[in-house]
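All of the numbers you see were taken from the coordinates with simple rules; none came from a lab. Not measured: the values here are computed from a predicted model. Cβ coordinates were reconstructed from backbone atoms using ideal geometry, including for glycine residues, and neighbour counts include every protein chain displayed.
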Amino acid sequence: MTLLTGARNYYYLASSLEDLSWGNGVTRGPIDELVDFLEQELHPDDARALRQLFLFNDMRNAVSYQSRDDEFVTPAMYGPDVVLEAGQGHPNMMPFLTDFFENRRRNQRIYPDIPLIDELTLLFYDHLSDIGSAFVRDWYRHELDMRNLTIALSRESHGFPYRERLIPRGEAYRAIMEGSPPDFGLSNDFPYLDELVRVFKTTDLTAQEEAMSRIRWNWLDQRIGAEFFSAEFIFAHVIKYQSAERWQTLSQEKGDEVFGELLNVVRRSVRFALEFSHIGDNDHDNRNSNRDKQQPSDNQK
């Protein structure tokens with residue numbers, strides 16, 4: 001059964017959130033603390049939708065977290081105990097993750113020619129309708145389309161083939177496969193595409209990442225509209241918060257250093273790097289294409 005979120009308003013909670021604006025950092029605690037707090041204040045259906053914003057982190061944990069010594073990525077929908085139990089043959093998770101763990105236990109692969117994280121990504125998008133919140137589904141579709149567009153633009157700008165590097169799902173994927181650069185005939189469907197085309201003609205990785213982050217913020221603002229007290233407004237705030245927190249830690253010099261290090265990492269990977277698992281932190285995708293080159297609670301309202 002599909003659960004509807006966004007019908008409840010959280011006047012006090014939404015009014016208490018930090019005022020965020022593009023280009024400025026955050027002044028409160030880390031994203032994990034914010035998510036834990038909001039989860040206690042939201043209606044259970046909305047709290048579940050909030051956690052589902054971080055399913056990319058759950059995918060990374062599903063692939064890489066197999067013992068207490070392994071890194072566990074947060075925020076996530078499922079905790080370490082749930083992931084370890086799933087790995088031991090007792091999955092109690094969303095269907096796409098349950099299928100993944102069952103297939104791994106049986107040593108079966110649906111897409112044997114690609115890494116596990118890639119296979120899990122495809123399983124996720126094939127089960128996207130399992131997510132009850134229309135906002136969360138739309139967010140993941142937006143991320144999918146922008147990821148495919150930036151992969152194509154970045155690799156094409158360096159003279160590399162791009163079609164085999166795309167995630168074979170979504171509207172942008174189909175258009176890219178059938179169209180031709182620079183805009184693949186998608187300018188009318190993706191109003192931000194002209195900005196992406198322009199910035200991906202440069203070699204400025206920081207500018208590319210900034211453009212992608214701005215596009216995300218603009219999409220969130222347009223998606224929310226004037227619903228300033230809705231669950232969806234809170235979801236958008238969380239995505240922005242993580243983005244602002246991340247950029248706050250990166251100066252121009254440090255950012256270029258980190259991006260350079262990531263280039264060396266993704267040379268050893270294929271289409272979908274594990275960094276894709278960070279929500280609001282998918283800005284690394286363009287780098288993948290360079291691998292060949294170097295008050296009372298509102299929760300019951």
Sorted by Cβ neighbour density within 10 Å, fewest at the top, the residues W139, W219, W22: W22, W219, W139
Net dipole in debye of the range 99-179 [+1 Lys, Arg Cβ; -1 Asp, Glu Cβ; about Cα centre; nearest 20]: 180 debye
Sorted peptide list for 61-69, 193-201, criterion being average Cβ within 10 angstrom, highest first: 193-201, 61-69
Global form of the range 21-68, assessed from the alpha-carbon gyration tensor, a/c cut-off 1.5: oblate
Residues T98, T203, T121, T150, sorted so that the one with the fewest Cβ neighbours within 10 Å comes first: T203, T98, T121, T150
Cα convex hull volume per residue for the range 3-144 (Å³): 140 Å³
Between the range 52-71 and the range 225-241, the Cα center-to-center distance that results, in Å: 26 Å
